[in-house]
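Please treat every number below as a calculation from the coordinates, not as lab data. Since we're looking at a predicted model, the values are computed, not measured. Glycine also receives a Cβ, built like all others from the backbone with ideal geometry; neighbour counts cover every protein chain displayed.
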Amino acid sequence: MAASGKLASFRLPPLPTIGEVIKLYNLRAEKQLSQNFLLDMRLIDKIVRQAGSLRDAHVCEVGPGPGGLTRSILNAGAADLLVVEKDSRFIPGLKLLSEAAPDRLRIVHGDILTYRMDRGFPSNVTKPWEEDPPNLHIIGNLPFSVSTPLIIKWLENMANRTGPFAFGRTRLTLTFQKEVAERLTASTSSRQRSRLSIMAQYLCTVHSCFTIPGRAFVPKPKNAVPRGTSSRAGRGDDARGGRGPHPAPYRALHPPHQGVSGRLRLPLRPRSRSLCLRVQRGAEAEAPR
């Protein structure tokens, strides 16, 4: 009973629902930003549970939007939550949450693709790469427009142990558009196998957690047939040069400003998939077979 009472102290005070916040601030999902709101708190809590225990953890949430995941992360006991939001329309609603969770929620109005996350947390969070991961998590319901370039950036950070991985083997729990998730988890025999599959599985252990149905999003994503083309990474000697602790480097597999699969042009499908990425211990980790 004492334990449950202690956990109850993490709960936020009564607040407007996410739907009420959207109405209060006249928020609409912007098509050009690939925004789709997830309002079902049961699904949101399910995403957050995939990260494991967040009690007293440091967390960075990517693109909090109206704040559904933000609430769930705070209720899970995170001691320090940093949210990075590019769209200024969502800042007032996030400030409302910040007032409800004093000294626990920090808001950065900026672009996650350029934000220096290695400066976002105290140095005492750091753990040696060979030891257990730091008590630091990255969590996000990623819009399609940013998901691929962002995961590519983080894979480069992993290889060089920079950015959020300057603190150690930071864990990631993310939702991706279905086609991107299939590439991240594709086996060697799969037609979805691509450069993204090779890089992600070389540097991380990737787990597909569950699929979120399209009807859970507002507005519901449109169904469409993917139009992307896939090109696989070569296995020549030049695929092993470059900097960083890993012998199969980011730059050899993926030039910085090109699509992961040649030219990646995938429209939204009505499902997103929740994934957990756990970073490998180091250069001695074997490449995926």
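Ile139: under 30 Å from Asn26 (Cβ atoms), hydrophobic (A, V, I, L, M, F, W, C), surrounded by 21 or more Cβ atoms within 10 Å (Cβ to Cβ) and more than 14 Å from the chain's Cα centre (by Cα), yes or no? So that I can check it myself, show each step before the final result.
Values: under 30 Å from Asn26 (Cβ atoms): yes; hydrophobic (A, V, I, L, M, F, W, C): yes; surrounded by 21 or more Cβ atoms within 10 Å (Cβ to Cβ): yes; more than 14 Å from the chain's Cα centre (by Cα): no.
The answer is no for Ile139.
Looking only at the stretch 86-109, decide whether some residue is acidic (Asp, Glu) and either surrounded by 17 or more Cβ atoms within 10 Å (Cβ to Cβ) or in contact with a helix residue (DSSP H, G or I) (Cβ under 9 Å, 6 or more places away or on another chain) (or both). Yes; the residues of the stretch 86-109 include at least one that is acidic (Asp, Glu) and either surrounded by 17 or more Cβ atoms within 10 Å (Cβ to Cβ) or in contact with a helix residue (DSSP H, G or I) (Cβ under 9 Å, 6 or more places away or on another chain) (or both). Within the stretch 147-162, identify whether any single residue is assigned to a loop (DSSP other than H, G, I, E, B) and in contact with a helix residue (DSSP H, G or I) (Cβ under 9 Å, 6 or more places away or on another chain), and answer yes or no. Scanning the stretch 147-162, I find at least one residue that is assigned to a loop (DSSP other than H, G, I, E, B) and in contact with a helix residue (DSSP H, G or I) (Cβ under 9 Å, 6 or more places away or on another chain), so the answer is yes.
Given the criteria outside any loop (DSSP other than H, G, I, E, B), closer than 23 Å to Leu155 by Cβ and of a type outside the set (S, T, N, Q), does Leu74 qualify?
no
Across the stretch 156-186, the number of residues qualifying as among the aromatic types (Phe, Trp, Tyr) and under 21 Å from Ala216 (Cβ atoms) comes to 1.
Results for (1) in contact (Cβ under 8 Å) with a residue 60 or more places away in the chain; (2) assigned to a strand (DSSP E or B); (3) of a type in the set (Val, Ile, Thr), shown as yes or no for each residue.
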position	(1), (2), (3)
Thr173	yes, yes, yes
Arg183	yes, no, no
Arg193	no, no, no
Leu196	yes, no, no
Ala200	yes, no, no
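Residues in the stretch 102-145 that are within 22 Å of Gly52 (Cβ to Cβ) and assigned to a helix (DSSP H, G or I): Met117, Asn124, Val125.
Of the residues examined, Val21 is not one that is in contact with a Ser or Thr (Cβ under 9 Å, 6 or more places away or on another chain), more than 22 Å from Pro149 (Cα to Cα) and either outside any strand (DSSP E or B) or touching a residue at least 12 places away in the same chain (Cβ under 8 Å) (or both).
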